[in-house]
Amino acid sequence: MNVSRLDVFKVTVSPLKLGLAVVAAMLASASHGVSLLEEVVVTAQKREQNAQDISIAISAFTGEQLQSLGIFSAEDLADYVPGVQVTHQYSNTPSFTVRGLNANDYAFATSPAVAIYQDGIYKASNINSGVQIFDVERIEILKGPQGTLWGKNTTGGAVSITSVRPEQETSGYISLGYGSFNEIIAEGAVGGGLTENLSGRISMQYVEADGPYDNVTFPTTGIPPGAVPLPSALNGAPPPAEIAAGTGPNADPGAIDTMAIRGQLLWEPSDQFQALVIGHFANHQSSGPAVVSRLEDPDVYDDQVSVDFAPIADNDFYGVTADLRWRIGPGELVSVTGWDAFDRQDHGTDLSNTVPGAVVVPAATPFASAIYAQDFEQFSQELRYEVQGDSVFWLAGMYYSDTEYDQTGDNNGMGTFGQYYESQYRQTDDFLAAFVHAEWAITEALRLNTGLRYNDESRERELHQVYLETGFADFFQSPNLSFPSTLLVDSDGNGIGGPNPFPNEFDTSGLTYRVGLDWNPSEQMLLYYSFSKGLKSGGFESSTVTSMVNLAPIEDEEVLAHEIGIKWDPTDSLRFNAAAFYYDYTEMQQRVSRQDPVFGSVVLLTNLEQADITGLELEVVWAPIEGLEIAATASFLDTEIDSDAVSQGTGESLNGKELANAPETAASLLARYGFEIGNGLSASLQASVNYTGDHFVSIENLAFNQQDFTLVDARVAIGSVAGKWEVSVYGQNLTDEIYVNGAGFASLDYWISRPRTYGVRLDYRF
């Protein structure tokens, strides 16, 4: 450790003895700061508990830990959590993959297998899952099925983000940052008492950044000379003017422009009642991550890409939450009401990306774009009653949600095929659940955990789609051209290929459950075993329908999960956690290219008959001396698909393939050292190394296999001992690794990582 410190600071003018003396002096004045070993209170089981005391594999961070570690995004968070990968969706929306599981599907009317919760409200849409991380009280990542307490569609896990609550004492913060690619970050919050019983808090965040890669094609060859946007055959609406003019963020792949605001009111008229109301709004504009075609080597790109139309999106997110709590009798009645909505204008991508030395995919030249207008609205209501007894904790409750999806889209499909689609899609979901949960203290050291949930869901769709045979592919065409059109699907789902053989209504119901044993052989150790069943409801394909095959409903996804684990704090300076698990999936939902008798290869959400996941996760945190903390994680995964499905991307069966974004090995090492430097000042040094093993980025296991890579990050900070202010300098991906960080639609395109970045940040708290 001493040698490493000397290397970092390049202390070469003194012998080892002098170096050791200097280090010893620094250690003598060391200060702990915000420790990774401090207790984190979580609500994973709907009550406040120490994360080390619950029989769930959970990684949790307080807001102070997030700041101290320099975690400001979902991508940063994944570096410190074993078994978690964060990839990009279109328009830079992060997607969590936990223990190898998440659907490779970005259709807005489908839900992720790793559920996202913002202040207790479930995010039902893939598009709505990209929440901003600012003014956070804590983040909890729950691994494995969480269907009994956390609702539907949590077969992979759940991510719960809790905002800082208002309080009577005035408090707040200001944070300013500047980094590579002209990144500007400004956020802050202020709150305090408004009356004797009423307190409030308001927080804001603004992020702006250029894209890290130059688009060398747009608009030189992206729009044919003299061409204009082809209007919609259904609604007559042209694409956004900025796209047509070539002045939008699509000219700058990876650019972002985000603004978010959150307001809260907390009313506490008595010890028996409290009401918390949260309102939020966010606008997110992005040109999406940099895109390359699947046969191209991302190392070729260096600092440029070539796409006619980079994916861009303009998203507005709204929401209101009301959390009410009454002390009634021996327990507490909790009501959580939520309204969540977003409006989205989305422009897709093309694959005619070529740079010198790159491999061109002939069938994808050109691949024209898609434009979607999407509207989402969700109302939810949870009501539960909780009782904490001497030896039993139990709760019972009900959950209801009503969700509406509306989409109008223009999609010209694969360019060389000359296919163009105009579609309108509407879907409504009604969901009702009843659940119970109980924990019994059999002895002082042995506890039984049980949970049961009954889900009932109905879905209904309306679909209207026009098919045009254009003969060529560019989205922008001469205004005088006319095209033969075919009604592909009418409002009843009838159209090409004959009457729709599938119903437009989907009803499902089922039980999820959990049984577990917790044993404390000592106050410092928890051993546990759990067996649980998870359920992800089926439904409909919500993307552009290219054939009658797309109209087939998707069946429910089910998983049976076994997990055994240990949480051990042998001393105040050492923590060791480990978990081994086995998942048995049936009808796993994944997006795969399939064969259709009319259109040939089509891409659709489908079921895979069987899939297995086996894994092991390890976490160690050690504070050998005052001020120094070392954290290490490791994960091992083995995933295998057992299915007769055949991918048209490879022409091969998926049987025996691996799941996407599921590296067999991954590991991280973090070292943090904090010390006082006098005059009321303290400093901290931090370095981390994150290794990701070989893995596939597509479920088809296409020819491109992401080779193992290692990311190196570092952070240096100086601030007041009292923690009032801090200035930090950071560097991410210091070795400038270029790797694939997600797969696009049907894995026809890949999204490449951000290059090396630097930044400085100023934080002030009051």
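Bear in mind these aren't lab numbers, they're just calculated from the coordinates by the rules spelled out. Worth saying up front: this structure is predicted, and the values here are computed from it rather than measured. Because the Cβ atoms are built from the backbone with ideal geometry, glycine has one as well, and the counts that use them run over all protein chains shown.
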Could you check the simple spin-label distance between residue 450 and residue 584, using points 7 Å along Cα→Cβ, in nm with one decimal? 2.2
Could you give the nm distance between label points at residue 640 and residue 735, where each point is 7 Å from its Cα heading toward the beta carbon? 3.2
Charged-residue dipole, Cβ positions (Lys, Arg, Asp, Glu), segment 614-741 about Cα centre, Debye nearest 20: 720
Run the numbers for residue 388 and residue 204: contour at 0.36 nm per residue of separation, minus the present Cα-Cα distance, in nm. 62.6 nm
Want the number for residue 505 to residue 679: 0.36 nm per residue separation, take away the alpha-carbon distance, what's left? 55.7 nm
Can you list residues whose amide H is under 5 Å from residue 652's amide H, if they're 5+ apart or on another chain and H is modeled 1.01 Å from N? 647
Amide H of residue 606: which non-local residues (sequence gap of 5 or more, or other chain) have their own amide H closer than 5 Å, using H built in the peptide plane? 590, 591, 592
Backbone HN-Hα couplings from phi across segment 176-186 [Karplus 6.51/-1.76/1.60, Hz, Gly and Pro as x]: 10, x, 9, x, 4, 6, 6, 6, 10, 10, 9
Work out from phi, with θ = phi - 60° and the Karplus expression 6.51 cos²θ - 1.76 cosθ + 1.60, the ³J(HN,Hα) of each residue of segment 557-573, listed in order in whole Hz, and give x for Gly and Pro. 9, 10, 9, 10, 10, 10, 8, 10, x, 9, 10, 9, 10, x, 9, 5, 10
Just to compare against my own numbers: the Cα pair-distance distribution for segment 620-734, 10 Å bins, whole % per bin, please. 12, 28, 23, 16, 12, 7, 1
Report the full-extension gain for the segment residue 515 to residue 718: residue separation times 0.36 nm, less the Cα-Cα distance, to one decimal in nm. 68.3 nm
Treating only the Cβ atoms of Lys and Arg (+1) and Asp and Glu (-1) as charged, compute the dipole magnitude of segment 627-669 about its Cα centre; round to the nearest 20 debye. 160
Search the structure for amide H atoms under 5 Å from the amide H of residue 538, placed 1.01 Å from N in the peptide plane, and list their residues when 5 or more places away or on another chain. 556, 557
